[in-house]
Amino acid sequence: MKVTDYMKWGPLTLDPGVTLFDAMGLLLENRISGAPVVERGRLVGMFSESDCLRGMLEARYHGIDIGVVADYMSRELQVLPAQTTVLEAMEVFLRHHRRRLPVVENGKLVGQISRHDILRAMMEMAAENGIVSEA
């Protein structure tokens, strides 16, 4: 089972120049906790609720204007190649403590997989093997 069987294809992405308020609005509107940041078709970061909170707190504390996504996004990326198995992805989630991971193919973002997606895959595998009744 590959991550492409369970991931969300073509996820919402953010531009690095989007303001924190606009990014927060998009996260809330789409009921997601984070999104990949893409510039000129290239994945350049990940932006999360924690990044929003950090940006808001820093602006308030230092009395500065709210910044943009690029100011607070995580640039240390853990990506999964599209051919990654669900079990390999599970190891990456545990090792890096992420809620979601971008999935790339030929250097391009094709999707995003979450811990929830991995749990769903595990339940389906358990059902297929008769460990649980139905996923």
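Values in this text are rule-based calculations from the coordinates and carry no lab data. Everything quoted here is computed from the prediction, not taken from an experiment. All Cβ positions, glycine included, derive from the backbone under ideal geometry; neighbour counts span all protein chains shown.
For the pair segment 96-135 / segment 25-70, the C-alpha centres are spaced 25 Å from each other. Only the Cβ atoms of Lys and Arg (+1) and of Asp and Glu (-1) were treated as charged; on that basis the dipole of segment 86-134 about its Cα centre amounts to roughly 400 debye. For segment 29-134, taking the reciprocal of the average inverse distance between every pair of different Cα atoms yields a Kirkwood hydrodynamic radius of 15.6 Å. With contacts taken as Cα pairs under 8 Å at a separation of at least 6 residues, segment 3-128 carries a relative contact order of 30 percent.
Remark: ASP117, ASP71, ASP65 ranked as ASP65, ASP71, ASP117, counting other beta-carbon atoms within 10 Å and listing the fewest first. Modelled spin-label separation between LEU119 and HIS97, with each label point placed 7 Å from Cα along the Cα-to-Cβ direction: 1.9 nm. A crude spin-label estimate for the pair ASP65 and GLU49, with each label 7 Å from Cα along the Cβ direction, gives 2.9 nm.
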